[in-house]
1. If you take the square roots of the eigenvalues of the alpha-carbon gyration tensor of the stretch 184-237 and sort them as a ≥ b ≥ c, do you get rounded (a/c under 1.5), prolate (a/b over b/c) or oblate?
2. In a Gaussian network model over the chain where Cα atoms closer than 10 Å are linked, find which of 118, 46, 136 has the largest mean-square fluctuation.
3. Mean separation of Cα pairs under 8 Å and 6+ residues apart, divided by the residue count of the stretch 81-175: what relative contact order is that in percent?
4. Helix-only estimate, please: 222 nm mean residue ellipticity of the chain, summing -39500 (n - 2.57) across DSSP H runs of length 4 or more and dividing by its residues, to the nearest 500.
5. Considering only 105, 25, 89, give the residue with the highest GNM mean-square fluctuation for the chain, with springs between Cα atoms whenever their separation is below 10 Å.
6. Hey, in the GNM for the chain with a 10 angstrom Cα cutoff, which one of 20, 132, 180 fluctuates hardest?
7. Between the stretch 125-167 and the stretch 67-109, how many Å separate their Cα centres?
8. Given an 8 Å cut-off on Cα distances and at least 6 residues of separation, report the relative contact order of the stretch 91-142 as a percent.
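Please treat every number below as a calculation from the coordinates, not as lab data. Source: prediction; values computed, not measured.
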Ligand SMILES: Cc1cc2nc3c(=O)[nH]c(=O)nc-3n(C[C@H](O)[C@H](O)[C@H](O)COP(=O)(O)OP(=O)(O)OC[C@H]3O[C@@H](n4cnc5c(N)ncnc54)[C@H](O)[C@@H]3O)c2cc1C
């Protein structure tokens with residue numbers, strides 16, 4: 001999986017801080033923006049986030065390219081509605097090569113891997129045979145959830161916060177969780193104040209999952225590596 005932060009609002013921390021300050025000042029955001037130092041921005045953003053005055057963090061947008069993930073992942077992703085998406089079309093792009101995601105649990109089990117590979121080979125064999133006879137848009141019906149896809153995502157910082165709370169959590173499936181952590185790592189590089197406490201709910205207090213809690217809260221601020229996430233994906237949820 002490849003996750004690239006393609007573009008983002010310039011000076012995202014300062015823009016949101018200036019917008020927040022403009023609510024409480026006789027001055028406009030243009031003047032406040034010039035005066036917003038990193039220290040001021042941090043203080044202001046912390047204050048409004050604690051107050052739940054979250055509309056101010058909607059001024060910062062982030063665009064990611066996510067490549068080589070499964071259609072199972074993107075089906076979960078697009079349930080997040082406060083976002084814009086552009087996804088590779090299976091109507092226009094031929095899926096001639098068998099490119100698919102292999103879940104770590106399948107990879108680790110010899111028998112499961114054999115079964116899985118056979119299903120993929122059969123699906124693609126049928127796809128290619130159908131695509132020779134009918135339009136790609138109809139041949140694609142036989143492709144599996146595992147099929148590789150690329151998607152461009154734009155979310156504002158408020159929606160990203162919400163997305164990271166739900167999808168960095170161990171209750172989320174391993175693949176979307178891995179993508180969410182990668183997106184968070186990228187977002188933190190360019191907006192360290194806005195995303196300082198972003199991540200799973202357990203970063204900020206008791207687990208919000210109640211009786212469905214995984215019982216293994218992340219240590220606040222810990223950014224798991226791909227290897228850790230792979231190992232976690234092997235555990236029954
Ligand atoms: C671990 C996990 C398991 C899941 N399992 C299932 C499942 O089995 N079946 C299933 O169908 N889905 C499942 N989902 C998807 C889930 O129900 C949500 O559809 C998805 O997480 C999107 O979140 P959302 O609706 O909070 O937010 P988004 O669409 O990201 O919106 C953000 C916020 O905006 C507000 N909002 C957005 N649209 C509206 C609206 N129309 N009306 C009012 N407020 C709105 C809400 O406050 C919302 O929280 C699962 C999600 C997770 C994380």
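1. On the way: a/c = 2.98, a/b = 1.35, b/c = 2.21.
It comes out oblate by the Cα gyration axes.
2. 118
3. On the way: 74 pairs, mean separation 41.9, N = 95.
Across the stretch 81-175, relative contact order equals 44 percent.
4. Working: 10 runs with 105 residues, N = 237.
Here the helix-only value at 222 nm equals -13000 deg cm²/dmol.
5. Residue with maximal mean-square fluctuation among 105, 25, 89: 25.
6. Result for the chain, Cα springs under 10 Å: 132 fluctuates most.
7. Spelled out, the Cα-based centre of one part sits 4 Å from the other.
8. Numbers: 30 pairs, mean separation 25.0, N = 52.
Normalised by residue count, the contact order of the stretch 91-142 is 48 percent.
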